[in-house]
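Laboratory data are not the source of any read-out in this text; all were calculated from the coordinates shown. Please read all numbers here as calculations on a predicted model, not as lab measurements. Neighbour counts run over all protein chains shown; Cβ positions are idealised from the backbone, glycine included.
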Amino acid sequence: MDPLFILTLFQHGYKVRTSTLYHLLKGKRTSSVLVYGYLYRNLRFFHLCPELSEQEFNRQLQSLSEAGLLTIDQSGEVQITAKGNLTLNDQNQTIQWLDNYRFGKTDEEIWRFLQFLVQVTSHLSYGDKKYIPLEQSPFYQAFLKQRIAVVKKNELIQMMKTEWHWLLSRLSKKEADYFAQQFSGYEQIGKTVTQILHKESTPFEQFLVKKERLHHLLYEIENMPGETFLKQSIQPFMIKNDNQSMTQTKKHLRQQSSIETIAQQRGMKKSTIQDHLLELALTEEIPFEQYISKETYQFLDQLSSPCPQWVYRTLKQKNKDLDYFEYRLYQIEKLKNERADTLP
């Protein structure tokens, strides 16, 4: 674990408790952990460090505090210092595209498939059948056969040339070279990530660079114009990243069913359906006004401080009727509006 990466998690500038942040890095999928990640722009690091021990995490925090990069008050809340911000600004490496919440579960599977697809297409274009496939797995071989069976050979070859040319043109030269060097094909053997990133100082730094570039590639594929071959090919993998139970709730919501009705239909608690709706609101558009009362809007609209700093317990003392679910939805909607012009 890189101390500077830990420092990145506090660049939002707020004073926060760190226990929930630790659970986020470990991949604990609860609504409170996910909403915390969204509030402080750390949702993209979800499940990034599943092997991280709490002891090591706290040791890193203490080390950063001793270096004057973080402050830890008596209650255990942590905040980045001016020196810490300057240290982050001096970094050469930025983390802009990494989104482990959206892509992390299947990013490696997708990249393996894409490399396999490029290899097969390359050998097809030269009429060469005598080569060792990159993938021996029945899963990848069956899925690839299924995908290329829907198009003619010449169409596939042309589509791959056109789509990859467009896709790589969307990346920086360094990123495009990084992916191109890994491709195998006719009379070409791709390099490994380790060979390409051998100049990076630590294994964790290599890990971050790998994630950053791969997630940028996946973001661009998802945003390709129209229903392109590559875009359609990765969709079955992308679906696996979603909370499958939440996906079932989403289908019921499309029928404009109430939360209570869905809970009854699915044999679940109302609070579970509310958790699904909170998670859904993080990445998709939902009719917030359908679930937030006018009274909640009126009360929370009066608050002037940034909403990540709000404390529900304190607000509840001022308004005993304030519902926790509505309160969290309001925060998400407010931040969505404020961050509407930021990507990804």
>> With Kirkwood's inverse mean 1/r over C-alpha pairs for Rh, give me the Rg to Rh ratio of the chain, two decimals please.
In response: 1.01
> Measuring from centroid to centroid over Cα atoms, what is the spacing of the range 149-200 and the range 249-306 in Å?
Replying inline: 42 Å
>> Show me the three semi-axes of the equivalent ellipsoid for the range 103-188, from the C-alpha gyration tensor (sqrt of 5 times each eigenvalue), largest first, rounded to whole Å.
In response: 20, 17, 13
> Per-residue HN-Hα couplings for the range 233-246, Karplus 6.51 cos²θ - 1.76 cosθ + 1.60 at θ = phi - 60°, whole Hz, x for Gly and Pro?
Replying inline: 5, 8, 4, x, 6, 5, 4, 5, 6, 7, 5, 5, 5, 4
> How high is the FRET efficiency from residue 295 to residue 181, r the C-beta distance, R0 45 Å, rounded to 0.05?
Replying inline: 0.15
> In the range 178-213, what GluC sites (Glu not before Pro) fall in a loop by DSSP, with at most 11 other Cβ atoms inside 10 Å?
Replying inline: 187
> Longest span of the chain, sites excluded, free of trypsin sites (Lys or Arg not before Pro) in DSSP loop with at most 10 other C-beta atoms within 10 Å?
Replying inline: 1-128
> Got a sec to turn the phi values of the range 206-216 into Karplus ³J(HN,Hα) couplings, 6.51 cos²θ - 1.76 cosθ + 1.60 with θ = phi - 60°, whole Hz, x for Gly and Pro?
Replying inline: 4, 4, 5, 4, 4, 5, 4, 6, 5, 5, 5
>> Given a 10 angstrom Cα cut-off, can you work out which residue in 176, 263, 142 is the most mobile in a GNM of the chain?
In response: 142
> Ranked by Cβ crowding within 10 angstrom, fewest neighbours first, how are 276, 123 ordered?
Replying inline: 123, 276
> Exactly which chymotrypsin sites (Phe, Trp or Tyr not before Pro) in the range 87-189 are in a DSSP loop and have at most 16 other Cβ atoms within 10 Å?
Replying inline: 126, 131, 186
> If you line up the Cα atoms of the range 1-151 on their principal axes, what length do they span on each, largest first, in Å?
Replying inline: 68, 34, 25
>> Using all alpha carbons of the range 210-344, what is the percent of pairwise distances in each 10 Å bin, ordered from the shortest bin to the longest?
In response: 10, 31, 32, 20, 6, 0
>> From the helices alone, meaning DSSP H stretches of at least four residues, give me the mean residue ellipticity at 222 nm for the chain, per-run term -39500 (n - 2.57), in deg cm²/dmol to the nearest 500.
In response: -17500 deg cm²/dmol
> Could you give P(r) for the range 3-91, binned at 5 Å from zero, as whole percent values over all Cα-Cα pairs?
Replying inline: 3, 15, 27, 25, 21, 8, 1
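Summarise the long-distance tail of P(r) for the range 217-256 by giving the % of C-alpha pairs beyond 14 Å.
I get 56 percent for the Cα pairs in the range 217-256 exceeding 14 Å.
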> Taking the Cα centre of each part, how many Å lie between the range 81-108 and the range 1-66?
Replying inline: 12 Å
> How about the range 215-281: which GluC sites (Glu not before Pro) there lie in a loop by DSSP and see at most 10 other Cβ atoms within 10 Å?
Replying inline: 227
